[in-house]
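The values are calculated or read from the model by the stated rules, or taken from the named source; none is laboratory data. A quick note: this is a predicted structure, and the numbers were derived from the prediction, not measured. Using ideal geometry, Cβ is built from the backbone for each residue, glycine included, and neighbour counts are taken over all protein chains shown.
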Amino acid sequence: MSGGPGGGPGERPGESTRGRPTVDPDAFRTVVSVVLAAGVLTSAGLIAAGFGLARFVGWEGSLTGARSGGAAPADFATIGAGLLALRPVAIAQLGLLVLVATPVVRVAASLVAFGLERDSLYVAITGAVLAVLLASLFLVR
């Protein structure tokens, strides 16, 4: 009778044959599911809030009464100031950023899990995938 994945007889779950801790696959799937669901739901809520608030003050309006910023909806450079002024366009943009960040967080969580497993091959592969994702987000224009 095996106590853990790949473990020997009498071994407790979460412990490998070499004495290293392992990550329970079911727990890892649960964490990944929660990360993905939370990201998508948060994103959807922010985008819906942005569109809903735009019905009251207009797309470029402000809930604080600040002057119109004039930035295009595709311009994310002014998102910080837009969030401070409670502009609907900035709230919707934040929702889009959360949506884009969700799979990146999932890959980062996988990297941590593989690191805890001390699985150097999967750490290297997942690290490379994370590097490509981050490079595509921050370096490619």
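The table below lists the values:
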{"quantity": "Residue list for the range 101-141, filter: among the charged types (D, E, K, R) and under 19 Å from Phe76 (Cα atoms)", "calculated": "Arg141"}
{"quantity": "Single match in Pro21, Pro25 (criterion: at pLDDT below 75 and closer than 30 Å to Arg118 by Cβ)", "calculated": "Pro21"}
{"quantity": "Near pairs, Cβ below 7 angstrom, 6+ apart or cross-chain, from the range 49-76 (at pLDDT 80 or above) to any residue that is in a loop (DSSP other than H, G, I, E, B) and of a type in the set (A, V, I, L, M, F, W, C)", "calculated": "Leu53/Leu63; Val57/Leu63"}
{"quantity": "Members of the range 72-102 found to be among the hydrophobic types (A, V, I, L, M, F, W, C) and not in a helix (DSSP H, G or I), listed by number", "calculated": "Ala72, Ala74, Phe76, Ala77, Ala85, Leu86"}
{"quantity": "Hits in the range 103-141 (condition: touching a residue at least 40 places away in the same chain (Cβ under 8 Å) and either over 22 Å from Asp24 (Cα atoms) or assigned to a loop (DSSP other than H, G, I, E, B) (or both))", "calculated": "Arg118"}
{"quantity": "Single unsatisfied condition, Arg87 versus (1) over 19 Å from the mean Cα position of the chain (by Cα); (2) closer than 18 Å to Arg29 by Cα; (3) basic (Lys, Arg)", "calculated": "(2)"}
